[in-house]
Amino acid sequence: MEQALSGTAIAEPPRAPARPRKLRRLPSQRIWPTWLIVTVQIGLLVGMLLAWEVAASTGLISAFFWSQPSAIAHSLKLFFTEGNAAIDISATFQETILGFIIGTSVGSFIGMSFWWSRNYAAIVQPFVICFESIPKLALAPLVILVFGLGLASKVAIATALTLIVSILTASAGVKSVDRDSERLFYSLGATRLQVFTKLVVPSCIPWIISTLRVNIGLALTGAVVGEFIASEHGLGREIFYAGSTYDIAMVWVAVLVLSTLSIVMYVGVAYLEKWLRREIVR
């Protein structure tokens, strides 16, 4: 009996069939059309301006320190009809663009020149790093004393801010040049100048392009800081003068115009960057 029981397999209870695992999909969001996004943005802006106006009118915030949109709109109208809007905007624009062009081009040339001699690079690079660590905006009063109150001093400050960034970026591009390609050029009988123009410069151009958006912001910062210290024209001078006379509405007007100018220049540099990248691909 026991042998019969021991030889008989005990039947296991049937298992429930395994449920298929539900596949989890990536969460999907409905992309709003552009017109709806713009409408929401405009609505938010209008709502904030209305809240600002009501708060200043009812005394929730100080209209003297914060001003209010109606006063800012009135000052904006006076700035463009009776003020020196064209002169101030033109001055800041010229200082920024000149500092941007000079600093980027000269700095990129110096950085790429490190390829010609390692000894030259070893001598110059420590000075570049030391100058990069110096707070250049602190030297702005000295620059104003040397170059005067005109355009040259603001361009010099803007150039100083963009120069070092361009040097360091271009020198990094030089270090990234493919050594095997360089040996191949020499093995085919190329001269050093040909290697520099046909290999080194094209290799550094993407690095230089990557600094354009940063440099335009640095150049604008240098120009405005120079106008804060001493200047005859410019949006920075307008902000400083309005702040010293407690004309808060005019301060907001100058900041608004300066922000618009910076956006325009940034978009222009972005298009320039895209055009240069397309030219490189070709």
What's the total number of residues in segment 69-95 that are touching a Leu at 6+ places or on another chain (Cβ under 8 Å) and in contact (Cβ under 8 Å) with a residue 24 or more places away in the chain? 9
Across segment 236-267, what is the total count of residues that are free of Cβ contacts under 8 Å to residues at least 40 places away in the same chain and either surrounded by fewer than 14 Cβ atoms within 10 Å (Cβ to Cβ) or among the basic types (Lys, Arg) (or both)? 7
Note: among ILE209, ILE229, ILE216, just one is in contact (Cβ under 8 Å) with a residue 40 or more places away in the chain and in contact with a Pro (Cβ under 8 Å, 6 or more places away or on another chain), namely ILE229
For the list (1) touching a Leu at 6+ places or on another chain (Cβ under 9 Å); (2) in contact (Cβ under 8 Å) with a residue 12 or more places away in the chain, I need the number of the one condition that VAL54 fails. (2)
By residue number, the members of segment 150-205 that are more than 30 Å from VAL225 (Cα to Cα), surrounded by fewer than 15 Cβ atoms within 10 Å (Cβ to Cβ) and touching a helix residue (DSSP H, G or I) at 6+ places or on another chain (Cβ under 8 Å) are SER176, ASP178, SER181, TYR186, GLN194, LYS198, PRO202
Read through the list (1) assigned to a helix (DSSP H, G or I); (2) aliphatic (A, V, I, L, M); (3) over 24 Å from VAL257 (Cα atoms), then give the number of the only condition that ALA56 fails. (3)
I'm checking my understanding of the structure. Among residues of segment 84-118 that are among the small types (Gly, Ala, Ser) and crowded, with 17+ Cβ neighbours inside 10 Å, which one is nearest to ALA242 (Cα to Cα)? ALA85
What are the pairs, 6+ residues apart or on separate chains, where a residue within segment 186-204 that is on the phi > 0 side of the Ramachandran plot has its Cβ under 7 Å from a residue that is surrounded by 12 or more Cβ atoms within 10 Å (Cβ to Cβ) and of a type in the set (Asp, Glu)? none
Please tell me if LEU272 is in a helix (DSSP H, G or I), modelled with pLDDT under 90 and on the phi < 0 side of the Ramachandran plot. yes
Does TRP66 satisfy the condition of being in contact (Cβ under 8 Å) with a residue 60 or more places away in the chain, within 30 Å of ILE164 (Cα to Cα), surrounded by fewer than 17 Cβ atoms within 10 Å (Cβ to Cβ) and in contact with a helix residue (DSSP H, G or I) (Cβ under 9 Å, 6 or more places away or on another chain)? no
For segment 104-136, give me the residue count where each residue is over 19 Å from GLY217 (Cα atoms) and either free of Cβ contacts under 8 Å to residues at least 40 places away in the same chain or hydrophobic (A, V, I, L, M, F, W, C) (or both). 21
Restricting segment 3-60 to residues that are aromatic (Phe, Trp, Tyr) and more than 30 Å from ALA71 (Cβ to Cβ), the residue that is modelled with the lowest pLDDT: TRP32
So, in segment 79-123, exactly how many residues are in a helix (DSSP H, G or I) and closer than 22 Å to THR211 by Cα? 23
Looking at PRO141, PRO135, can you tell me which residue is loosely packed, with under 15 Cβ neighbours inside 10 Å and over 23 Å from the mean Cα position of the chain (by Cα)? PRO141
Mind telling me which of the residues ALA63, ALA51, ALA91 ends up being touching an Asp or Glu at 6+ places or on another chain (Cβ under 9 Å) and of a type in the set (Gly, Ala, Ser)? ALA91
Please find, among SER187, SER231, SER133, SER244, the residue that is polar (S, T, N, Q), farther than 27 Å from LEU276 by Cα and in contact with a Leu (Cβ under 8 Å, 6 or more places away or on another chain). SER231
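The values are calculated or read from the model by the stated rules, or taken from the named source; none is laboratory data. These numbers were taken from a predicted model, which means no experiment stands behind them. A quick note on method: Cβ atoms are made from the backbone with ideal geometry, for glycine too, and the neighbour counts reach across all protein chains shown.
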